[in-house]
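Notes for the one structure printed next.
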Amino acid sequence: MKFISNVVLVIFSILFQLNCYKSLNQLEQNQFYVNLSQIDWENSEPINISYGWKFYWKELLDPVALQTHKSISKVPLVDFRPWTNLTTSKNEFPAQGFATYHKKIKIQISETPIHLVLYFSHLYTASKLFINGELMQEKGVVSASIEKVRPDRTNSTIDIKTNKQELDIVLQIANKDFYHGGPRSEFIISSPSKMSLFKSKSLMVEIFVFGLIFGSALYHMFFYLHNRKQKAFLYFAIVCLTFLVRIPFLNSKLYEYFFPIFSFNLQSILLHYINVITFLFSVLFLKEMFRSNQYKMIRYTFYMGALIALFTPLTPSTIQHYLNFIYLVVCLILFLFFSLFLLIKHKKEAQGLYFMAIALVSLAVFCFLAISLNYYGIQGGLYLIIGYLLYVIFQTVSLSKYFAFVIESRANIEMLLHEESILALSKQRTEMQLMVHDQLGANLTDLKVYLERNMPKPIDTSSDFLNLEYIYQKVNSIIQSLRNQLLYIEDMNLIFENFITGLHLTLLRRYSDVGREFEFSTSKKVIEYFNQTKIIGKNQSYFLNIFYMLYEVCTNDIKYGLGESVWLFDYVNGFFTINQKNMFRKPNIPSPGEIELKSIQQRLEQLNGTFDISISEVYFELKIRFPVERSLNP
């Protein structure tokens with residue numbers, strides 16, 4: 001928590017220092033002509049001159065035309081904002097149209113050479129800039145004929161080298177399709193060094209945020225690749241990637257440093273499709289996060305909205321931009337309310353949901369702040385970037401805590417099931433012992449006692465009592481078999497507590513019953529593996545399969561083998577290996593191809609393993625190798 005608070009503090013400290021420019025005082029903001037000749041440009045912060053611009057609606061005036069221009073009415077002074085947000089003389093201006101903005105600045109007292117820089121973000125949507133009568137820049141195509149207007153969406157940095165005392169700035173803007181028309185954000189002037197510092201700070205924030213989100217995306221993607229069942233991590237990683245694609249287009253247009261400049265329409269379509277992907281995978285993320293198939297209507301609303309949004313770029317450009325904006329706002333509101341509803345409903349599940357709530361609130365505040373500022377013509381891209389970062393940070397913490405809680409809960413459930421299975425097995429064994437003792441065991445014991453009392457001593461092998469001797473031996477064998485079965489149940493119980501010990505005792509008992517010697521050894525890696533691995537829940541069937549397979553190997557050895565049986569159990573690079581060696585009964589020593597181990601082979605196929613048989617002189621050797629299940633790797 002302390003780390004998160006420190007990160008947030010650093011972010012806001014950086015954000016607080018970004019708007020490091022000065023604004024004109026209240027008196028100068030209402031003036032068309034501004035005197036900045038007393039400014040020490042090399043040591044002064046950049047100055048925002050986005051106030052007091054003469055506004056000529058439906059006129060594209062160059063500097064020469066402005067000198068001879070005679071307005072019927074007084075030319076209004078407006079801020080450097082979209083004309084769609086202006087109201088002058090009770091007139092409202094539509095988005096489609098064109099206009100000229102004009103402003104004069106006195107930059108020095110003398111007429112010495114001076115180097116200054118102008119900077120402003122992209123306009124709505126094509127523009128021409130004149131400085132002291134000279135055309136300095138044209139973005140897109142500006143024309144009084146709306147059909148000829150070609151938009152452009154790039155920021156502008158203009159170097160000015162002059163020895164004049166004043167700057168006469170004329171800006172022509174034309175808009176055809178976008179729902180806003182005119183300028184936006186700040187119009188800043190400063191020395192090259194101060195402007196470079198101003199832009200560098202913004203770039204540093206974007207790179208810093210980009211790096212953190214990129215790291216988060218990689219982390220969640222690798223987590224998913226390691227555990228494919230946790231799809232929430234995959235969906236969140238994709239959401240992070242969509243943020244990464246969007247960041248270079250939001251504020252400083254960072255992509256321009258690496259790729260050719262995209263056209264305005266291409267950028268709009270690209271960002272729109274990124275929005276569609278973001279909302280789709282955000283909804284899938286919520287579905288996986290809360291593991292609920294309820295509220296299908298809400299999810300289908302997102303799916304239908306995404307399907308419709310895929311075709312909005314095919315509509316006329318004027319309608320397209322409105323539809324894209326509506327889709328963004330409606331889906332954002334719906335997603336936020338849906339997320340908060342799920343949080344409230346599942347508030348008892350995990351502490352991580354608290355951080356998820358902070359993430360959603362942060363995203364909501366900064367997204368709506370950025371959207372509102374952009375709508376009114378103020379640069380809001382940086383606030384949106386900060387919103388992305390806060391959302392990713394707190395959502396990452398939320399995911400970590402939430403899945404730690406889920407894993408702990410599942411572990412507790414598996415442990416409870418394991419304890420219940422052991423208890424059930426113990427009860428079953430006890431009941432079976434009672435049943436055998438009370439019924440079959442008692443009857444056989446009575447039969448044995450009866451035979452002992454009625455058999456003559458010494459036994460005359462030539463008499464009819466020979467059959468009684470056979471019956472007596474048979475009864476003893478049956479009782480021993482019953483005892484072995486009861487011990488086998490105990491061994492099954494033991495392998496869940498200690499697999500190696502249970503396996504060792506089972507094999508030792510079987511070899512002892514037939515008078516065979518038995519040597520069983522395990523490597524240190526096997527001991528370490530089973531010390532770290534608990535046989536609970538779903539993995540019980542996996543280890544039972546191993547136990548049954550080795551039991552079959554033992555049975556096969558007892559049936560055909562001779563002498564001491566040597567076993568070696570090892571674990572190497574994620575694979576179990578078992579080597580079993582014994583002598584063959586003479587005189588029939590088969591070749592490896594004549595030996596059939598069908599039951600062992602069937603077990604190994606389920607374990608994705610292989611076996612190999614080798615026979616040298618009178619010795620038989622079986623080598624078994626199979627991989628450990630990925631989920632069981634320590």
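Miscellaneous remarks
- Summed over region 154-200, the residues that are open to solvent by less than 10 Å² (accessible area, probe 1.4 Å), part of a loop (DSSP other than H, G, I, E, B) and in contact with a Phe, Trp or Tyr (Cβ under 6 Å, 6 or more places away or on another chain) give a count of 5.
- Among the residues making up region 293-311, a single one is open to solvent by less than 40 Å² (accessible area, probe 1.4 Å) and modelled with pLDDT under 90: Arg299.
- Each residue in region 42-51 was checked for being open to solvent by 20 Å² or more (accessible area, probe 1.4 Å) and either modelled with pLDDT of 90 or more or within 23 Å of Gly377 (Cβ to Cβ) (or both), and 2 pass.
Per-residue answers, yes or no, for (1) in contact (Cβ under 8 Å) with a residue 40 or more places away in the chain; (2) farther than 26 Å from Val514 by Cβ; (3) assigned to a helix (DSSP H, G or I); (4) touching an Asp or Glu at 6+ places or on another chain (Cβ under 9 Å):
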position: Asn531; (1), (2), (3), (4): no, yes, yes, no
position: Tyr542; (1), (2), (3), (4): yes, yes, yes, yes
position: Asn545; (1), (2), (3), (4): yes, no, yes, no
position: Asn556; (1), (2), (3), (4): yes, no, yes, no
position: Ser565; (1), (2), (3), (4): yes, no, no, yes
position: Phe569; (1), (2), (3), (4): yes, no, no, no
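- Residue in region 350-358 that is buried (at least 17 other Cβ atoms within 10 Å of the Cβ), of a type outside the set (Val, Ile, Thr), outside any helix (DSSP H, G or I) and in contact with a Lys or Arg (Cβ under 9 Å, 6 or more places away or on another chain) present: yes
- Residue identified as within 17 Å of Ser37 (Cα to Cα), touching a Ser or Thr at 6+ places or on another chain (Cβ under 7 Å) and hydrophobic (A, V, I, L, M, F, W, C) among Ile173, Ile114, Ile160, Ile188: Ile114
- Residue in region 122-133 that is in contact (Cβ under 8 Å) with a residue 12 or more places away in the chain, aromatic (Phe, Trp, Tyr) and farther than 20 Å from Asn35 by Cα present: yes
- The numbered conditions (1) open to solvent by 30 Å² or more (accessible area, probe 1.4 Å); (2) out of contact with any Ser or Thr (no Cβ under 9 Å at 6 or more places or on another chain); (3) modelled with pLDDT under 85; (4) not polar (S, T, N, Q) are all true for Ile378 except (2).
- The residues of region 511-540 that are of a type in the set (Lys, Arg) and open to solvent by 50 Å² or more (accessible area, probe 1.4 Å), listed by number, are Lys524, Lys525, Lys534, Lys538.
- Test: residue in region 326-338 that is over 27 Å from Gln230 (Cβ atoms), in contact with an Asp or Glu (Cβ under 9 Å, 6 or more places away or on another chain) and either part of a helix (DSSP H, G or I) or open to solvent by 60 Å² or more (accessible area, probe 1.4 Å) (or both): no
- Checking each residue in region 201-248 for being part of a helix (DSSP H, G or I), more than 30 Å from Leu118 (Cα to Cα) and without any contact (Cβ under 8 Å) to a residue 24 or more places away in the chain picks out Gly215, Leu218, Met221, Phe222, Phe223, Tyr224, Leu225, His226, Leu234, Ala237.
- Look at (1) part of a strand (DSSP E or B); (2) surrounded by fewer than 16 Cβ atoms within 10 Å (Cβ to Cβ) and you find that Lys70 fails only one, number (1).
- Of the residues Phe98, Phe80, the single one that is in a loop (DSSP other than H, G, I, E, B) and under 47 Å from the mean Cα position of the chain (by Cα) is Phe80.
- Of all residues in region 228-244, those satisfying the criterion of being more than 25 Å from Leu271 (Cβ to Cβ) and touching a Phe, Trp or Tyr at 6+ places or on another chain (Cβ under 8 Å) are Gln230, Lys231, Ala232, Phe233.
- Each residue in region 139-149 was checked for being out of contact with any helix residue (DSSP H, G or I) (no Cβ under 8 Å at 6 or more places or on another chain) and surrounded by 14 or more Cβ atoms within 10 Å (Cβ to Cβ), and 4 pass.
- Number of the condition not met by Ile261 [criteria: (1) over 27 Å from His346 (Cα atoms); (2) open to solvent by 10 Å² or more (accessible area, probe 1.4 Å); (3) assigned to a helix (DSSP H, G or I); (4) aliphatic (A, V, I, L, M)]: (3)
The values are calculated or read from the model by the stated rules, or taken from the named source; none is laboratory data. Keep in mind the model is a prediction, meaning the values are calculated, not measured. In this analysis, Cβ positions are derived from the backbone assuming ideal geometry, glycine residues included, and neighbour counts consider all displayed protein chains. Surface accessibility is based on the protein's heavy atoms, side chains included, excluding ligands, DNA and RNA. Shrake-Rupley method; radii C 1.70, N 1.55, O 1.52, S 1.80 Å.
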